[in-house]
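The values are calculated or read from the model by the stated rules, or taken from the named source; none is laboratory data. The shown structure was predicted, so the numbers you read here are calculated from the model rather than taken from an experiment. FYI the Cβ positions are ideal-geometry reconstructions off the backbone, even for glycines, and counts take in every protein chain you see.
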Amino acid sequence: MKLIFEAIEAFGETLLPAFELTAETSSINIYTDVTKMDYLTNQFSDMPEVFIHIQENGHYGRLTVEETFRFYLKLHNRNDSAESLMKIFGLEQLRKVRVSGLTSSERHVLSFLNVYLQQKDLLVLVEPFQNLKQLERKVIFHLIMQLQQSGKNIIILSNNLEHLINLGGEIYRLDLEGLHTLDVKEEQPEQAPAETIQIKIEKIPTKKNEKIILFNPPEIDYIESIEGEVFVYVAGEGYPCTLTLNELEKRLHHFGFFRCHRSYIVNLQKVREIISWTRNSYSLSLQGTSKSEVPLSRTKLAELKEIVGI
């Protein structure tokens, strides 16, 4: 399926570049900012073969969860068992609860039923994991996996790279230069060096609004590299850093930092939980107000377990 997107300009400025996209695989992940995501969603809405799902999709608040399942099954002319589907969606314990009485995360899971039963050729999911609690996010994750395995063509739009990495498959970045592939492939395990030189670093330099900001290593939650640009995250906010990820890994190793993925370094003192999405997909949940998560490479899992004594 070949999709053509027109450029959008205003006052001589390009807001969305023109590009083509061929949906040949079951899942395409597009990483971009919120503005481009909105313009892209508007163009998808003009394609009759596409179904778009966003978290703001409406609900029938007076219906119970069970009545909602039966309603959508009838709407899509499906003979599936409502009871079985409620178990798959993790909502069987809430079957008698009215939709208006669900949490926002539970309502989002329920709204995904309309995606799960869709017969259209292409499904576009806009930020399917945004603002979800871990349990509901895991349910949506496995529902997407099931749709992929059933042969559905899916395009996922998000400005959260970690969510897209966990889903697997190719990731594309959409910027003003167009659509191009992000290199986030699994790295091969490297042999440990014969000797380790201890480097004592007191501050990590970053830059924000033309100011140089120095952070103590214990303040840092994690570090992310996106296409050569490095960002140091402290309390949920990213600060650009001129050091490379390899340089930071060497400097921070003796402060308890760990290269958990090709594109991420994490402060192990901030790690609260190791989350398993599939047999080969993991992430690390960090403690603190930002409630961040970073991907954990499959090849790094054994090394991490050895470090923390699991």
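For the reader, a short list of remarks on this structure follows.
- Scanning segment 93-133 for residues that are part of a loop (DSSP other than H, G, I, E, B), under 19 Å from residue 69 (Cβ atoms) and either of a type in the set (A, V, I, L, M, F, W, C) or touching a Leu at 6+ places or on another chain (Cβ under 6 Å) (or both) gives 97, 102, 112, 117.
- Positions within segment 213-268 being within 21 Å of residue 283 (Cα to Cα), of a type in the set (Gly, Ala, Ser) and free of Cβ contacts under 8 Å to residues at least 60 places away in the same chain, in sequence order: 225, 235, 236, 238, 256
- Unmet requirement for residue 2, which otherwise passes all of (1) under 15 Å from residue 125 (Cα atoms); (2) loosely packed, with under 12 Cβ neighbours inside 10 Å: (1)
- Among the residues of segment 241-250, the one identified as in contact with a helix residue (DSSP H, G or I) (Cβ under 9 Å, 6 or more places away or on another chain) and either surrounded by fewer than 18 Cβ atoms within 10 Å (Cβ to Cβ) or not in a strand (DSSP E or B) (or both) is 243.
- Where residue 60 falls short, out of the listed (1) modelled with pLDDT of 90 or more; (2) touching a Phe, Trp or Tyr at 6+ places or on another chain (Cβ under 9 Å): (1)
Residues are listed down the side, and each one gets a yes or a no for (1) in a strand (DSSP E or B); (2) in contact with a helix residue (DSSP H, G or I) (Cβ under 7 Å, 6 or more places away or on another chain); (3) farther than 21 Å from residue 166 by Cβ:
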| position | (1), (2), (3) |
| --- | --- |
| 239 | yes, no, yes |
| 252 | no, yes, yes |
| 265 | yes, yes, no |
| 274 | yes, no, no |
| 304 | no, no, no |
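- Selected residue (criterion: farthest from residue 32 (Cα to Cα)) from residues of segment 214-238 that are surrounded by fewer than 19 Cβ atoms within 10 Å (Cβ to Cβ) and of a type in the set (Phe, Trp, Tyr): 215
- The residue that is farthest from residue 141 (Cα to Cα), counting only those in segment 32-52 that are in contact with a Phe, Trp or Tyr (Cβ under 7 Å, 6 or more places away or on another chain) and in a strand (DSSP E or B), is 50.
- Of the listed requirements (1) more than 29 Å from residue 174 (Cα to Cα); (2) in contact (Cβ under 8 Å) with a residue 60 or more places away in the chain; (3) in contact with a Phe, Trp or Tyr (Cβ under 7 Å, 6 or more places away or on another chain), residue 295 misses just one: (1).
- Just one of the listed residues (132, 102, 94) is under 22 Å from residue 41 (Cα atoms) and either among the hydrophobic types (A, V, I, L, M, F, W, C) or buried (at least 18 other Cβ atoms within 10 Å of the Cβ) (or both), and it is 132.
- Segment 95-140, residues that are within 16 Å of the chain's Cα centre (by Cα), farther than 15 Å from residue 53 by Cα and among the acidic types (Asp, Glu): 136
- In segment 63-92, the residue that is farthest from residue 111 (Cα to Cα) out of those that are touching a helix residue (DSSP H, G or I) at 6+ places or on another chain (Cβ under 7 Å) and assigned to a loop (DSSP other than H, G, I, E, B) is 80.
- Flag for residue 68 being in contact with a Phe, Trp or Tyr (Cβ under 9 Å, 6 or more places away or on another chain), farther than 21 Å from residue 127 by Cα and of a type in the set (Val, Ile, Thr): yes
Rundown of residues vs (1) over 26 Å from residue 164 (Cα atoms); (2) not charged (D, E, K, R), yes/no style:
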position	(1), (2)
4	no, yes
9	yes, no
18	no, yes
39	no, yes
43	no, yes
65	yes, yes
81	yes, yes
84	yes, yes
114	no, yes
